[in-house]
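Taking it in order: structure first as structure tokens, then the write-up.
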Amino acid sequence: MMKKLVSLLLTLSVMFILFPGTGQASTVPKILLDGKELASDVEPTIVNNNTLVPISIIAGGLNYQAVWNKDSRTVGIHNNDTQIVLAINDSKALVNGQEVEMGEPARIISGRTMVPLRFVGEQLGLEVSWDNAKKEASLFSKQDGNPLPVTPPNPGDGTETQPSGALNYIALHELDPNTIVIRYSGDIVPNQAFSLTDTDRIVLDLPNTAFADDIYPSFPLNDSKQGSLDIESHEFLQKVRFAPLQGKESTARVVLDLYKPVGYTVTNNPGEITIQLGTELPKPPEEVKEEPVPDKGNNGNNGGKVFKVVIDAGHGDHDSGAVGVNKTKEKDFNLAIALRVKKLLDQEPNIEAYMTRSDDSYLTLDNRAKYANDLKADVFMSIHANSFTKPSANGTETYYSRSDSKALAEVVHKHLIKATGLADRKVKQAGYVVIKKTTMPAILVESGFLSNAGDESVLNQEAVRDRIAAALVAGIKEFLKLS
Ligand SMILES: [Zn+2]
């Protein structure tokens, strides 16, 4: 059998040598950029009447950088103005942080990421045509050579959209020079920030955003229509610039010019966006040919899995945390709750519970996160009580940092407010170290305010402490689908 196959292959290859014109040679699809054929190892292909083309090869022909990130299975394409992120099997692309529907999911064919030709034309500023008879995709750069402004996902009917919010403050945080604070009135939903590693810049676009007349620092409406912050001797930051996005004035763009690439997190709370610099850099993507990886078979069924849960009692030893009106030390409250939670979790057959501290000892914030990361924990919960200069502040709140932790925060908070019976200050997002540097779903709970006499007396009741611990466990179990 083997011998037969080999001789058949030999015959075929001899035929090709003798008759190179046979087969599909005359109709092999081609990609032309400004009349020149692009060398591509993958030909355009037609799926559901859409012509798909290898985007990284076209982008390369236009001097964009294309980067494949194996971990997130995304392809990033960027030049100085535009960044496009494509996720495999997803028909939505992120163009400068804004979702754009492509009509057909990006897919890997013969190791290349293929996207619809029309999308390439719209987003890379090309005129495109497809000659079906010749199987030729022709791409032409626009005359002025500049890429077009980003096409909005829902092209309007020409009427101007009213800004939904206005920026009135852009400055470095008074206490933390690594945090940029942007305050606004109205509603603003920032696009996902993106960084341009070759130029060490971070770009944040804010759609439907105006600049308030009384913006701080004042925003000079000169010819360049640019405002900027003076930065003095900063470890990472050279300059912060802000201006309406050229070609799309309804979007405000904030650009951080850096001395070197740094990690960052963007947090949006009502009225205030913060950009924190100096967080850990994401793993550098590899400049390799895209390679398909088979999806891991995850059927979402927990089966008999045992989950590792890390309970972190905040503060400890010399660090008492908040001190109550009636002298309750936060570190003691936190430990009392954490020990109760541990005891309850130890009764769960599908949970292994761990504590960062089980006595009045102290760990740094980094070591608390590292402890959970080294354990490869499934859930991290940091237990705290609140304090504020105004004694009237009161209530229960739950924090998460990364979006992968939001569901955990919500389900735990739901149980926690019932247990404390205090005012509901809701689930909030903040970049606290222990919930930011941990790599699993991680939350920080603030059961109440020790600086409020009412909250403090509630939190000191043994029955309430029992209820809080039971609520935290109920939340964890619901999140892990163990209840
Ligand atoms: Zn605390």
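If R0 is 45 Å, the Cβ-Cβ spacing of Asp90 and Lys390 corresponds to a FRET efficiency of close to 0.45.
Note on Val433 and Leu375: the extension gain reaches 19.1 nm, defined as 0.36 nm multiplied by sequence separation minus the Cα-Cα distance. Of all DSSP beta bridges confined to region 332-483, the antiparallel ones make up roughly 30%. In order along region 29-46, phi translates into HN-Hα couplings of x, 10, 10, 10, 10, 6, x, 9, 6, 7, 6, 10, 8, 10, 8, x, 9, 10 Hz, rounded to whole numbers, per the Karplus curve 6.51 cos²θ - 1.76 cosθ + 1.60 with θ = phi - 60° and x for Gly and Pro. For the pair Lys225 and Asp466, a Förster radius of 60 Å applied to the C-beta separation gives a FRET efficiency near 0.50, rounded to the nearest 0.05. The ranking of Ser72, Ser483 by Cβ neighbour count inside 10 Å, starting from the fewest, reads Ser483, Ser72.
Backbone N atoms of region 345-379 closer than 17 Å to the 7 Å Cα→Cβ label point of Glu235 belong to residues 365-367.
Site pair Ser358 and Asn269 shows an inter-label distance of 3.5 nm when each label is modelled 7 Å from Cα along Cα→Cβ. For Asp319 and Val306, the difference between the fully extended length at 0.36 nm per residue and the C-alpha to C-alpha distance is 1.3 nm. Fully extending the segment from Asp41 to Asn208 would add 56.0 nm, taking 0.36 nm per residue of separation and subtracting the current Cα-Cα distance.
The modelled label-to-label distance between Asp71 and Asn132, using points 7 Å beyond Cα along the C-beta direction, is 4.5 nm.
With R₀ fixed at 35 Å, the C-beta to C-beta distance from Lys327 to Ser185 puts the FRET efficiency at about 0.30.
Taking the alpha-carbon distance from Lys327 and a cut-off under 19 Å, which aspartates and glutamates remain once sequence neighbours fewer than 8 residues away in the same chain are dropped? The qualifying aspartates and glutamates are Asp317, Asp319, Asp360, Glu446, Asp455, Glu456, Glu462. Which entries of Lys342/Lys418; Lys437/Lys481; Lys30/Lys70; Lys331/Lys370; Lys308/Lys370 show an alpha-carbon separation above 22 angstrom in the structure shown? Pairs exceeding the cut-off: Lys437/Lys481; Lys30/Lys70.
Since every read-out is calculated from the coordinates, none of them should be taken as a lab result. Because the structure is a prediction, the values reported are computed rather than measured. In this analysis, Cβ positions are derived from the backbone assuming ideal geometry, glycine residues included, and neighbour counts consider all displayed protein chains.
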